[in-house]
Amino acid sequence: MLLFSLRRLMLAIPTLLGVSLVVFGLVHIAPGNPIDMLMPPEASPEAIAQMKIAYGFDKPLYIQYFLWLGHAAVGQFGLSVFNATPVWDQLVVALGNTVQLALLAAFFGFGFGIVLGLLSAAYYGKWPDKLFSAITTAGVSLPHYWCAIVLVMLCAVLHDWLPAQGMGDDSLPFYERLQYMILPVVTLMLIPMGVIGRLVRARVLDIISQDFVGALSAKGLTRWPVLRHIIKNAAPPVLALMGLQFGYLLGGSILIETVFNWPGSGNLLNLAIFRRDIPVLQATILVLATFFVLLNLAVDVIQAAIDPRIRR
Amino acid sequence: MLDAANTVAAMEVRDLTVRFRTDEADVAAVNGISFALAPGETLTILGESGSGKSVSLKALMGLLPRQATITGKVLLKGTEILSLPPSQLAKLRGGAVSMIFQEPMAALDPVYTIGEQIAETVVQHEGVSHRAAMKRALEMMEHVRIPSAARRLKNYPHEMSGGMRQRAMIALALACSPSVLLADEPTTALDVTVQIQILLLLRQLQEEMGMAVVFVTHDVGVAAEISDRVAVMYAGRFVETGSARDVLRSARHPYTAGLLSSTVQGVMRGKVLETIPGSPPSLAHLPPGCAFAPRCSHVAPVCVQSQPPVLVPHPGAMVRCIQDKPLHLPV
Ligand SMILES: Nc1ncnc2c1ncn2[C@@H]1O[C@H](COP(=O)(O)OP(=O)(O)OP(=O)(O)O)[C@@H](O)[C@H]1O
Ligand SMILES: [Mg+2]
C-alpha cells in the first residue's frame with residue numbers, strides 16, 4: 001500500500017513537469033513578443049535590450065525555463081504585468097474565494113448526488129427513481145450559466161431574496177456574507193450532484209445484480225450490513241469522479257464567477273486572458289494543475305485502500 | 001431416511017412449488033418436491049441444467065426474488081420457516097441453515113478480506129465481539145485445512161486459488177454450526193483433483209458436526225461419492241428417489257437410466273457414451289403428461305395423457321413412472 005502510494009507520487013512528478021513546460025511555453029506561444037507588451041511602442045532599441053536582460057530573455061530558453069521553475073516552486077511568479085502587484089498575492093486571494101464556493105458546492109452537490117443516487121437505485125423503476133433520475137439528469141444537462149441567470153432573475157431581480165453580485169463586504173456579519181454564497185453555490189452544485197447521482201445509481205444497480213449480494217443475504221446479514229457492502233463496492237469510481245469534479249470546482253467556473261461577479265480563480269483567469277497578463281495566467285494555471293494532480297493522487301490512493309484489486 | 005417416527009427431521013420439505021411470473025410467461029420451475037432429511041444425512045439432488053435445482057435450494061432459504069410464488073412447507077426441526085417474517089428468516093440463514101455456492105469467487109465480496117467476511121457472519125448471528133468473531137474465523141479456516149490460515153485470513157478473494165476459496169466459503173458456511181447445509185454444485189467450478197479434496201473435506205466435516213446436507217450436482221460420479229440418498233430431478237419434479245446405492249445401481253426411471261449411461265464413468269468402462277435424445281421441456285409450457293415422455297424410449301400412450309403414477313417399489317424409494325422395475329443399464 002505504501003509502495004503503491006510512493007509509486008503514484010513518483011508518477012505525478014513527470015505529469016507536473018509536463019504541465020510546467022506547457023505553461024512556460026505560453027509566453028512564447030502567445031502572439032507577440034512579451035517585451036513588446038511591456039514597453040511602449042516608441043521605446044528605443046537599447047531600452048528594449050535592457051528590458052530583455054532584466055527579464056532574462058537574453059538567456060537560452062532552457063536556462064529561462066529552469067530559472068522560472070525554480071522561482072515558481074517557491075511561489076515567486078513575479079509581478080502582474082497589469083498592475084505590478086505580486087502575482088502570488090492575487091492568486092492566494094482569488095483561490096481562497098473560489099475554495100469557499102468549491103467546498104460548499106462539493107459538500108452539497110456530492111451529498112445530494114449520493115442520496116438521490118442511492119434512493120433511485122433502491123426504488124428502481126418506481127416513481128421515486130423516475131423523479132430523482134429526472135433531477136440528476138437535469139443537473140448534468142441544463143447549461144449552468146443559464147441556471148445562474150435564471151436564479152439571478154428570480155432571486156435578485158424579480159424579488160429581493162438574495163444578493164447576486166460579489167461576495168459582500170468584509171465588515172458584514174458572517175451570516176450575511178453567507179447569503180452572497182447561496183446562489184453561486186446552488187448553481188455550482190448542479191453538475192456535481194447530477195454526475196455523482198447518476199454514477200451512484202448505475203454502480204449500485206450493477207452491484208446488487210451481482211451474485212455476492214445474494215450470498216450476503218444467504219449468510220443472514222440484515223439490510224444495513226448489506227448496504228455497507230454495497231457502498232464499499234460502489235465507492236471507488238464514485239470517489240474518482242468526485243476528485244475530478246472537485247478539481248473542476250477549484251478551477252472556478254469562469255462563466256459562473258463572471259455572472260455572480262465572484263472574485264475567484266476563474267475570474268482571475270478570465271481577467272488575465274483579457275489583459276494578456278502572462279505571469280498571472282502562468283501562475284494560476286500551474287497552481288490549479290498542481291492541485292488537480294495532487295487531488296487525483298489522493299483519490300488513487302484512497303481507491304486502492306478500498307479496493308485491493310486496484311493495487312498493482 | 002427417517003425410519004423412526006419419533007426422530008425429528010433436520011429438514012422436511014412438503015410439496016414445494018415455485019413459479020416465476022414474468023411478462024411473457026409463467027415459469028413452473030419447481031413442481032412439488034418433498035423430502036425429509038435426518039440429522040447427519042446427505043441427500044443429493046441430481047439433474048440436468050435447468051431442472052430447477054438451484055431454484056429449489058434458494059426457495060428453501062427464502063432467497064428467491066419477489067416475482068417468485070412459493071407454495072408448500074419447509075420445516076426446520078419441526079418449525080415451518082417459509083411463513084416466518086423476513087427478520088426471523090434472516091436469523092436462520094447462515095445460522096441454522098447455510099449455503100455454499102457453485103462459484104466461490106462470485107459468492108464472496110471482492111473488497112472484504114476472507115476473515116472479515118467470516119467474522120461478520122458470526123457477529124450477525126451470535127452478537128459476539130469482532131475480536132471473538134475473528135478468532136472463530138481463524139479456527140474455521142484451520143478446520144477446513146487452509147494452510148497458513150492466520151495469513152490467509154487477511155487475504156482478499158482474488159488472492160486465493162479456486163480450491164482455497166471454496167474451502168474459505170465452506171468455513172464461512174459452517175462458522176455458525178448449521179444443522180442443515182445446502183450445497184449448490186460446490187465442486188463444479190474446480191478441477192478434478194481439487195474436487196475430490198473438497199468432497200472428502202465436506203464429508204468429514206459433516207460427520208464431525210452431524211449436519212444434514214442437501215447436495216446439488218449434475219455429476220453422477222460426485223453423487224455416488226457423497227450421497228446417502230439421491231433424488232433425480234427432471235423439469236422441476238423428483239422423478240426417482242431412493243438410497244444412493246439403489247438409484248445409481250438399479251435405476252427404475254428411464255431418465256435416471258439415461259443420465260447414468262450418459263456419464264463419462266460409463267465410457268471409461270469401455271462402453272459407448274449414450275446421450276438422451278432431445279432436450280428438456282420448456283418450464284413455461286409443461287405437457288399435461290410425463291415431462292420426460294417425448295424423450296423416453298419406454299414411452300406408452302398413457303404417458304403423454306396424464307401424470308404417471310407415483311410408485312413405491314420398496315420403503316424409502318419412489319419412482320414416477322408407469323413401471324417400477326430396475327432397468328437394464330447398458331453399463
Ligand atoms: N428469476 C427467475 N425468473 C424466471 N425464471 C427463472 C428465474 N430463476 C430461475 N428461473 C428458471 O428456472 C429454471 C430452473 O433454474 P435453476 O437455476 O434452478 O436450474 P439448475 O437446475 O440449477 O441448473 P444448473 O445446473 O444450470 O445450475 C430455469 O429454466 C430458469 O430459467
Ligand atoms: Mg444451478
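Among the residues here, residue A:261 qualifies as outside any helix (DSSP H, G or I) and either under 30 Å from residue A:154 (Cβ atoms) or open to solvent by 20 Å² or more (accessible area, probe 1.4 Å) (or both).
What do you reckon, is residue A:184 more than 30 Å from residue B:110 (Cα to Cα), open to solvent by less than 10 Å² (accessible area, probe 1.4 Å) and within 28 Å of the chain's Cα centre (by Cα)? Taking the combined requirement at face value, the residue satisfies it. Of the residues making up region B:165-193, those that are away from ligand 1 (no atom under 16 Å from the Cβ) and open to solvent by 30 Å² or more (accessible area, probe 1.4 Å) are B:165, B:167, B:177, B:191, B:192, B:193. Take region B:45-63 and flag every residue that is near ligand 1 (Cβ under 7 Å from one of its atoms) and within 14 Å of chain A (Cβ to nearest Cβ). Result: B:54, B:55. Only a single criterion out of (1) within 14 Å of chain A (Cβ to nearest Cβ); (2) within 16 Å of ligand 2 (Cβ to nearest atom) is not satisfied by residue B:180, namely (2).
Within the bounds of region B:70-78, is there any residue that is of a type in the set (Ser, Thr, Tyr), surrounded by fewer than 21 Cβ atoms within 10 Å (Cβ to Cβ) and within 13 Å of chain A (Cβ to nearest Cβ)? For region B:70-78, residues of a type in the set (Ser, Thr, Tyr), surrounded by fewer than 21 Cβ atoms within 10 Å (Cβ to Cβ) and within 13 Å of chain A (Cβ to nearest Cβ): absent. Being in a loop (DSSP other than H, G, I, E, B), of a type in the set (A, V, I, L, M) and surrounded by fewer than 19 Cβ atoms within 10 Å (Cβ to Cβ) is a property that residue A:131 lacks. Screening residue B:94 on (1) open to solvent by 10 Å² or more (accessible area, probe 1.4 Å); (2) within 27 Å of residue B:42 (Cα to Cα); (3) within 9 Å of chain A (Cβ to nearest Cβ) shows it passes everything except condition (1). Scanning region B:97-114 for residues being assigned to a helix (DSSP H, G or I), more than 8 Å from chain A (Cβ to nearest Cβ) and open to solvent by 10 Å² or more (accessible area, probe 1.4 Å) gives a total of 1.
Residue B:87 falls short of the stated requirement of being among the hydroxyl-bearing types (Ser, Thr, Tyr) and outside any helix (DSSP H, G or I). Filtering region B:51-69 to residues that are over 19 Å from residue A:209 (Cβ atoms) and surrounded by fewer than 17 Cβ atoms within 10 Å (Cβ to Cβ) leaves only B:69.
Quick one: what pairs do we get from region B:183-204, first residue within 14 Å of chain A (Cβ to nearest Cβ) and at positive phi, second within 16 Å of ligand 1 (Cβ to nearest atom) and open to solvent by 80 Å² or more (accessible area, probe 1.4 Å), C-beta under 8 Å, 6+ apart or different chains? As it stands, the answer is B:185/B:218, since those pairs meet every condition given.
Selection of region A:230-248 for residues being under 14 Å from residue A:113 (Cα atoms), crowded, with 22+ Cβ neighbours inside 10 Å and touching an Asp or Glu at 6+ places or on another chain (Cβ under 9 Å) yields only A:234. Among residues of region A:217-244 that are more than 8 Å from chain B (Cβ to nearest Cβ), those with a Cβ under 6 angstrom from a residue that is acidic (Asp, Glu), sequence gap 6+ or separate chain, pair up as A:236/A:307.
Could you grab me the full set of residues in region A:142-158 that are open to solvent by less than 80 Å² (accessible area, probe 1.4 Å) and at pLDDT 85 or above? Passing the criteria: A:142, A:143, A:147, A:148, A:150, A:151, A:152, A:154, A:155, A:156. Go through region B:17-39 and count every residue that is small (Gly, Ala, Ser) and touching a helix residue (DSSP H, G or I) at 6+ places or on another chain (Cβ under 7 Å). Number satisfying all stated conditions: 1. Of all residues in region B:272-285, those that are open to solvent by less than 80 Å² (accessible area, probe 1.4 Å) have Cβ atoms under 7 Å from Cβ atoms of residues that are of a type in the set (Lys, Arg) and modelled with pLDDT of 80 or more, 6 or more apart or on another chain, in B:276/B:295; B:278/B:295.
Answer yes or no as to whether residue A:208 is within 12 Å of chain B (Cβ to nearest Cβ), touching a residue at least 24 places away in the same chain (Cβ under 8 Å), open to solvent by 30 Å² or more (accessible area, probe 1.4 Å) and touching a helix residue (DSSP H, G or I) at 6+ places or on another chain (Cβ under 8 Å). For residue A:208, the condition - within 12 Å of chain B (Cβ to nearest Cβ), touching a residue at least 24 places away in the same chain (Cβ under 8 Å), open to solvent by 30 Å² or more (accessible area, probe 1.4 Å) and touching a helix residue (DSSP H, G or I) at 6+ places or on another chain (Cβ under 8 Å) - is met.
Quickly run through region B:21-67 and pick out the residues that are under 16 Å from residue B:283 (Cα atoms), part of a strand (DSSP E or B) and more than 16 Å from ligand 2 (Cβ to nearest atom). Spell out how you get there, then give the answer.
Filtering region B:21-67 down to residues under 16 Å from residue B:283 (Cα atoms) leaves B:21-33, B:47-56, B:67.
In the following step, the residues that additionally are part of a strand (DSSP E or B) were identified as B:21, B:26-33, B:47.
Correct list: B:21, B:26, B:28, B:31, B:32.
So in region B:118-138, with the set limited to residues that are surrounded by 24 or more Cβ atoms within 10 Å (Cβ to Cβ) and either in a loop (DSSP other than H, G, I, E, B) or within 23 Å of the chain's Cα centre (by Cα) (or both), which one is farthest from the other protein chains (Cβ to nearest Cβ)? Filtering first and then ranking leaves B:118.
The values are calculated or read from the model by the stated rules, or taken from the named source; none is laboratory data. All values derive from a computational prediction rather than experimental measurement. Every residue, glycine among them, receives a Cβ derived from its backbone with ideal geometry; neighbour counts consider all protein chains shown. Quick note on the areas: whole protein, heavy atoms, side chains included, nothing else; ligands and nucleic acids left out. Shrake-Rupley method; radii C 1.70, N 1.55, O 1.52, S 1.80 Å.
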